Amino acid sequence: MQVVSIHPAKVGAALPLPLMLSLTPAGFPSPAEDHIEKNLDLNEHLIRRPAATFFVRVSGTSMIGAGINSGALLIVDRSEDARDGRIVVAVVDGAHTVKRLRRKDDHCWLEAANPDYPVIQILDDESRVWGVVTYAINPL
């Protein structure tokens, strides 16, 4: 999965959106409750550390098994711990990629969430983890 664009998070740029506090069933429709109860700021819910957060637009299908589709907007936190099993944005051979980080003993590699893509061995000092993906916003 290739990173198409990178955007810093803007601190203090609130975008209040309407929020209904009642749950919306995914089964049969519920009558009533068509009024808005408060405003929602997605920054409050999706960005823990604004100074360490950036957004990434991705293309490709290597992470579809992890729920990241081509065209997804990822929220990436550089202050999160890049532990084994976390999905990360990394720089490998000078290009940005999104993959699952794997670690065992002193060995480290990047793994796709699609069996059609190979494992990427991290072999050099130029490979770096830029941050941990905390949320994926996918087009339907």
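Here the label points at Leu42 and Leu140, each 7 Å from Cα along the C-beta direction, are separated by 1.4 nm in the simple model. Taken one residue at a time, the phi angles of region 75-85 give Karplus couplings (6.51, -1.76, 1.60, θ = phi - 60°) of 9, 10, 10, 6, 8, 6, 6, 7, 8, 4, x Hz. Gly and Pro are set to x.
Annotation: amide H of Gly71 within the under-5 Å range of Val58, Ser59, Gly60, sequence separation 5 or more or interchain, hydrogens built in the peptide plane.
Annotation: amide H of Thr134 within the under-5 Å range of Ile75, Val76, Asp77, sequence separation 5 or more or interchain, hydrogens built in the peptide plane. Legend: calculated FRET efficiency, Arg78 to Arg57, from the Cβ-Cβ distance at R0 = 30 Å, rounded to 0.05, equals 0.95. Modelled this way, with points 7 Å down the Cα-to-C-beta line, the labels at Val91 and Trp109 are 2.4 nm from one another. Assuming charge only on the beta carbon of Lys and Arg (+1) and of Asp and Glu (-1), the dipole of region 57-113 about its Cα centre is about 140 debye to the nearest 20. Scaled against 2.2 N^0.38 Å for its residue count N, the alpha carbon radius of gyration of region 73-117 is 1.17.
Shape class of region 86-140 from the alpha-carbon gyration tensor: prolate, with a/c at 1.5 or above and a/b greater than b/c.
Laboratory data are not the source of any read-out in this text; all were calculated from the coordinates shown. All values derive from a computational prediction rather than experimental measurement. Cβ atoms come from the backbone with ideal geometry, glycine included; neighbour counts cover every protein chain shown.
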